[in-house]
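K.L.:
Before anything else, here's the structure in question.
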């Protein structure tokens, strides 16, 4: 589900909630070119369909308000490029040859992806490398948001994980992805929030390496 002019209002609301964690009816109205009554109709329908849920927010003054977020059912509407067969096969491999063989497969995948994308980083300065990585991840369905803190520091946010089920079962997939990013960008990267560890998104803090280090 991508943000574009062809989306219905219903899908646009789902996309906004996916990329903002939660929003009130007023915040949705402010972002959509429709009336508050129309927004309320869509919210009611999405609640009935089990796609969104409200959270009551107490105000210092006045009546409480509701902020809406997606349910697990709604999350299935977004890109997921995993296959249960892959999980089954990895499980069989782990039983037959041990977990280290599964980890080796993820290492091989990292090496393959590095060979695939390293050429795209050649002759680019650091900001362009980070931008190219964001484009790569967007093309692969990660719904990336890129923020710049300074000339040498960026935050890359992945609102969706197409391999979330694999990563939940095999955390080595996440470690390999982080090391892939470090190699492609020649950067120091940390991951303070991760979907597989209970986060609402995957957050990568990217800092250009000091050439002296």
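The values are calculated or read from the model by the stated rules, or taken from the named source; none is laboratory data. Computed from a predicted model, the values in this text were never measured in an experiment. No Cβ is skipped: glycine too gets one built from the backbone with ideal geometry, and neighbour counts run over all protein chains shown.
K.L.:
Within region 115-142, can you find the residues that are in contact with a helix residue (DSSP H, G or I) (Cβ under 7 Å, 6 or more places away or on another chain) and touching a residue at least 24 places away in the same chain (Cβ under 8 Å)? Please lay out each step first, then the result.
P.N.:
Within region 115-142, the first condition is being in contact with a helix residue (DSSP H, G or I) (Cβ under 7 Å, 6 or more places away or on another chain), and the residues that meet it are 117-118, 120-121, 124, 129-130, 132-133, 136.
Within region 115-142, 117, 118, 121, 129, 130, 133 meet the criteria.
K.L.:
Please verify whether residue 181 is touching a helix residue (DSSP H, G or I) at 6+ places or on another chain (Cβ under 7 Å) and either in contact (Cβ under 8 Å) with a residue 40 or more places away in the chain or surrounded by 14 or more Cβ atoms within 10 Å (Cβ to Cβ) (or both), treating the condition exactly as stated.
P.N.:
It is true that residue 181 is touching a helix residue (DSSP H, G or I) at 6+ places or on another chain (Cβ under 7 Å) and either in contact (Cβ under 8 Å) with a residue 40 or more places away in the chain or surrounded by 14 or more Cβ atoms within 10 Å (Cβ to Cβ) (or both).
K.L.:
On to the next question. For residues that are in contact with a strand residue (DSSP E or B) (Cβ under 6 Å, 6 or more places away or on another chain) and assigned to a helix (DSSP H, G or I), scanning just region 179-197, find the one that is nearest to residue 159 (Cα to Cα).
P.N.:
Applying the first criterion (in contact with a strand residue (DSSP E or B) (Cβ under 6 Å, 6 or more places away or on another chain)) to region 179-197 yields 181-182, 187-195.
Now drop any that are not assigned to a helix (DSSP H, G or I), which leaves 181-182, 195.
Working: 181: 17, 182: 20, 195: 9 Å.
Residue satisfying both the conditions and the ranking: 195.
K.L.:
Any idea how many residues of region 139-171 are over 16 Å from residue 203 (Cα atoms) and surrounded by 19 or more Cβ atoms within 10 Å (Cβ to Cβ)?
P.N.:
So the count comes out to 2.
K.L.:
Oh, and also: Within region 75-112, which residues are in contact with a helix residue (DSSP H, G or I) (Cβ under 6 Å, 6 or more places away or on another chain) and closer than 30 Å to residue 42 by Cβ?
P.N.:
The one that is in contact with a helix residue (DSSP H, G or I) (Cβ under 6 Å, 6 or more places away or on another chain) and closer than 30 Å to residue 42 by Cβ: 82.
K.L.:
Tell me, yes or no, whether region 40-49 has at least one residue that is outside any helix (DSSP H, G or I) and either surrounded by fewer than 14 Cβ atoms within 10 Å (Cβ to Cβ) or at pLDDT 95 or above (or both).
P.N.:
yes
K.L.:
Among the residues of region 144-160, are any closer than 18 Å to residue 199 by Cα and without any contact (Cβ under 8 Å) to a residue 40 or more places away in the chain?
P.N.:
yes
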